[in-house]
Structure formats: structure tokens, C-alpha cells
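Novice: Supplied in C-alpha cells, the structure appears directly below.
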Amino acid sequence: MTERKKIQIGTVHQALVTDAWRADVATLERGIREFPPSPGHANDYRVSMFELAGDPRLHVNVIHAHETKPVKGWAGSGVSPDGFVHNRLFAMGSTDQIVHDIRRMVFALRA
């Protein structure tokens, strides 16, 4: 099992270039910040939500300090200086469903 540098527990970051996702991202951030610690789980992750110019989808990265098992719907893992990155694009959907999908990736089992 490979370890990367320590990530601050439960960090959420956003970088939006339009207002299209602004209200949804505010709701998602509240939901993510309410994730409870999972017993026996190293709760070291960072969630980054962002837009790219010309792309109407919301991009979500979940970065862990440790490798995780794959989660359906998420691409990765890629390796970055901050850890192991999984990415997913959201074109639409309820914020409840998006938070659920993010939670599944945040609490993915270690590889």
C-alpha cells in the first residue's frame, strides 16, 4: 500500500467560473462538511469542485492520501503530488444524489 503526504481531514475546495453551479455547490459543500467520521476509516480526503471554461459540467475530484478501491462512476485513480485522485463529471442530478456519490468515493475502502 502506497502512502502520500498527509491531507487535511475533510477539506472542501471550489473553483467556479460561472454561476451555473454556484447554488448547487454551496449545498454540496454543506453536505460534505456534515460527513461523519467513519469508525476504523482513515478519514483523510479533499474534495475539489470546479468548472472548466466552455464545459457546462461540474468536475469533482476526491483526493486521498492512500490508494482506494474503485468506485463505480469515478475515474482514476491518478497520482498527484497531493495523493490519489478520482474524478467524476456531473451534468445534472439532484444535490442529494451528487452528495451521495461523493460520499461513496470519500469513504471508499483502501486498496
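Novice: Count the net charge of all other residues whose Cβ sits under 13 Å from the Cβ of Lys69, scoring Lys and Arg as +1 and Asp and Glu as -1.
Specialist: +2
Novice: Rank Val25, Val99, Val17 by mean-square fluctuation in a GNM of the chain with C-alpha springs under 10 angstrom and give only the top-ranked residue.
Specialist: Val17
Novice: Could you work out which residue, out of Pro36, Pro56, Pro70, moves most in a Gaussian network model of the chain, that is, has the largest mean-square fluctuation with Cα springs under 10 Å?
Specialist: Answer for the Gaussian network model of the chain: Pro36.
Novice: Output the direction-averaged projected area (hull surface divided by four) of the convex hull of the alpha-carbon atoms of the chain, in nm².
Specialist: Averaged projected area of the chain's Cα convex hull equals 6.6 nm².
Novice: Another question, if that's okay. Given the Cα-Cα distance of His13 and Thr27 and 0.36 nm per residue of separation, how much length would full extension add, in nm?
Specialist: Here the answer is 3.7 nm.
Novice: Compute a Gaussian network model of the chain, connecting alpha carbons closer than 10 Å, and tell me which residue from His13, His66, His86 fluctuates the most.
Specialist: Evaluated over the chain, the most mobile residue of the options is His13.
Novice: Where does each of Ser77, Ser48 land when they are ranked from fewest to most other beta-carbon atoms within 10 angstrom?
Specialist: Ser48, Ser77
Novice: Continuing with this model, one more query. Any idea how far apart Ala75 and Leu109 come out in nm if each label point goes 7 Å out from Cα toward Cβ?
Specialist: The two pseudo-label positions are separated by 2.6 nm.
Every number in this text was worked out from the coordinates using simple rules, so none of it is lab data. All of these numbers come straight from a predicted model, not from anything done at the bench. Every residue, glycine as well, gets a Cβ built from its backbone with ideal geometry; the counts of neighbours run over all protein chains shown.
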